[in-house]
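Novice: I have a structure here, written as structure tokens, and I will follow up with some questions on it.
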Amino acid sequence: MKSPLLTLPGAVPAEGVDEGVAAHYGDLFREQRALADGTGFVDLSHRGVVTVTGDDRLAWLHLLLTQHVSDLPAGQATEALILSANGHIEHALYLVDDGETVWAHVEPGTQEALIAYLESMKFFYKVEVENRTADIAVVHLPAGSIAEVPQGVAVRETPYGRDLFLPRADLEAYAGQAGPPAGILAYEALRVEQHRPRLGFETDHRTIPHELGWIGSAVHLQKGCYRGQETVARVQNLGKPPRRLVFLHLDGSEVHLPVAGTELRLAGDGPDGRKIGFITTSVRHHELGPVALALVKRNVALDAPLLAGDTAAAQEVVVEP
């Protein structure tokens with residue numbers, strides 16, 4: 001869905017999966033600094049929105065999700081995954097229950113597949129699943145923001161800020177009072193700095209939660225059965241995920257930023273050396289310069305200097321091997 005905020009001065013449309021909102025509004029670093037200082041907002045209205053209502057909503061979701069949600073207090077935000085039977089990540093949900101409804105936002109374009117799976121699992125449970133993407137827009141307020149939250153709007157309060165489930169019809173009016181807009185590139189730069197994985201960026205068809213550090217924040221190890229739990233338990237007990245997420249400081253002298261998918265090799269092996277990983281997300285940060293998230297093989301030395309294509313990269317541990 002194309003956001004009406006693309007008509008704001010300086011708005012440059014994003015491409016790829018984030019198409020429909022602004023990449024930036026003319027000054028990427030200024031927008032990053034504003035978010036870091038707790039001002040402004042980010043238009044995330046391209047993300048999918050799914051709601052679950054009914055008396056059994058939390059008990060039912062508890063059976064399907066990796067997170068413990070059966071006793072989720074109203075207003076408490078959490079994250080959860082849906083795994084395949086082999087433990088590979090299929091969906092990531094960012095949710096909150098307001099006491100009557102579970103609100104979740106998901107990656108753009110994934111809501112229909114998610115709803116199809118949820119509908120197939122309803123059985124006799126008293127729940128209703130609805131796609132609210134057409135009438136609800138997600139707006140992100142950074143941590144420390146003092147922007148007013150409209151009455152009656154569901155809110156996810158996290159250490160990184162607040163996600164508002166705002167009526168889409170109110171988006172333009174709210175943007176006029178929420179402060180300066182920041183584009184998705186500024187939001188992504190701070191996400192990378194915070195080492196937070198994103199479905200479809202840090203994940204591929206064989207990613208398991210341990211590789212990305214999603215244990216704890218999105219996967220609860222003390223709950224009952226869910227699809228893919230056997231893989232989670234086995235890796236947790238053996239401690240051997242095949243890959244691990246790292247944060248990379250990239251050589252700032254390069255004009256071109258290594259794009260997602262760029263192969264990583266050990267620096268001493270040269271450009272034709274053995275591939276040990278790949279870039280998942282790369283950004284230009286207002287303080288850190290060029291940085292990235294990447295997946296590398298578990299046994300790569302923690303202090304090993306790397307090459308991302310021809311660009312030197314120094315790793316910082318996100319997930320311990």
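The values are calculated or read from the model by the stated rules, or taken from the named source; none is laboratory data. Fair warning: this is a prediction, and the values are worked out from it, not measured in the lab. Glycine gets a Cβ as well: all are built from the backbone with ideal geometry, and neighbour counts include every protein chain shown. All accessible areas refer to the heavy atoms of the entire protein, side chains included, with ligands and DNA or RNA removed. Shrake-Rupley method; radii C 1.70, N 1.55, O 1.52, S 1.80 Å.
Novice: I'd like to verify a number: residues in region 57-86 that are assigned to a loop (DSSP other than H, G, I, E, B), closer than 19 Å to A113 by Cα, of a type outside the set (S, T, N, Q) and open to solvent by less than 20 Å² (accessible area, probe 1.4 Å), how many? Spell out the reasoning first.
Specialist: Residues of region 57-86 assigned to a loop (DSSP other than H, G, I, E, B): 65-77, 84-86.
Pick out the ones that are also closer than 19 Å to A113 by Cα and you get 65-66, 84-86.
Imposing the further condition that a residue be of a type outside the set (S, T, N, Q) reduces the set to 65, 85.
Subsequent filtering for residues that are open to solvent by less than 20 Å² (accessible area, probe 1.4 Å) retains 65.
Qualifying residue count, region 57-86: 1.
Novice: Every residue in region 46-69 that is touching a residue at least 40 places away in the same chain (Cβ under 8 Å) and touching a helix residue (DSSP H, G or I) at 6+ places or on another chain (Cβ under 6 Å), please.
Specialist: Step one: of region 46-69, the residues touching a residue at least 40 places away in the same chain (Cβ under 8 Å) are 46-68.
Matches in region 46-69: G48, V50.
Novice: Would you confirm whether or not region 167-180 contains a residue that is in contact with a His (Cβ under 7 Å, 6 or more places away or on another chain) and open to solvent by less than 10 Å² (accessible area, probe 1.4 Å)? First the steps, then the outcome.
Specialist: Our first condition is that a residue be in contact with a His (Cβ under 7 Å, 6 or more places away or on another chain); within region 167-180, this holds for none.
No - not one qualifying residue is present in region 167-180.
Novice: Also, I was wondering about something else. Go through region 140-154 and count every residue that is more than 14 Å from F41 (Cα to Cα) and of a type in the set (V, I, T).
Specialist: 1
Novice: Just give me the residues in region 87-105 being under 25 Å from C225 (Cβ atoms) and not in a strand (DSSP E or B), in sequence order. Spell out the reasoning first.
Specialist: From region 87-105, those under 25 Å from C225 (Cβ atoms) are 87-97, 102, 104; that's our starting set.
Answer for region 87-105, where residues must be under 25 Å from C225 (Cβ atoms) and not in a strand (DSSP E or B): G87, H88.
Novice: Does region 196-212 include one or more residues that are touching a Phe, Trp or Tyr at 6+ places or on another chain (Cβ under 8 Å), among the charged types (D, E, K, R) and either within 30 Å of A147 (Cβ to Cβ) or assigned to a loop (DSSP other than H, G, I, E, B) (or both)?
Specialist: Within region 196-212, the subset touching a Phe, Trp or Tyr at 6+ places or on another chain (Cβ under 8 Å) is 196-197.
Now restrict to residues that are among the charged types (D, E, K, R): 196.
Next, from what is left, pick out any that are either within 30 Å of A147 (Cβ to Cβ) or assigned to a loop (DSSP other than H, G, I, E, B) (or both): 196.
Yes: one or more hits.
Novice: Hey, another quick one. Among (1) free of Cβ contacts under 8 Å to residues at least 40 places away in the same chain; (2) touching a helix residue (DSSP H, G or I) at 6+ places or on another chain (Cβ under 6 Å), where does V127 come up short?
Specialist: Of everything listed in (1) free of Cβ contacts under 8 Å to residues at least 40 places away in the same chain; (2) touching a helix residue (DSSP H, G or I) at 6+ places or on another chain (Cβ under 6 Å), V127 misses just condition (1).
Novice: Of the residues that sit in region 4-46 and are part of a loop (DSSP other than H, G, I, E, B) and in contact with a His (Cβ under 7 Å, 6 or more places away or on another chain), which one is surrounded by the most Cβ atoms within 10 Å (Cβ to Cβ)?
Specialist: L44
Novice: Something else: Taking region 198-242 on its own, how many of its residues are within 22 Å of the chain's Cα centre (by Cα), more than 28 Å from I184 (Cβ to Cβ) and among the small types (G, A, S)?
Specialist: 1
Novice: Just name the residue that is farthest from the chain's Cα centre (by Cα) out of those in region 87-110 that are of a type in the set (D, E, K, R) and surrounded by 16 or more Cβ atoms within 10 Å (Cβ to Cβ). Talk me through it step by step, then tell me what you get.
Specialist: Of all residues in region 87-110, those of a type in the set (D, E, K, R) come to 90, 97-98, 100, 107.
When the remaining residues are screened for being surrounded by 16 or more Cβ atoms within 10 Å (Cβ to Cβ), the result is 90, 97, 107.
On the way: E90: 13, D97: 19, E107: 8 Å.
So the residue we want is D97.
Novice: Next question, about the same structure. Do you know which of the residues in region 250-283 that are within 21 Å of L28 (Cα to Cα) and open to solvent by 80 Å² or more (accessible area, probe 1.4 Å) is modelled with the lowest pLDDT?
Specialist: Initially, region 250-283 is screened for residues within 21 Å of L28 (Cα to Cα), giving 250-260, 280-283.
If we keep only those that are open to solvent by 80 Å² or more (accessible area, probe 1.4 Å) too, we end up with 253, 255-256, 259.
Working: S253: 66, V255: 71, H256: 83, V259: 94.
Taking the candidates together, the pick is S253.
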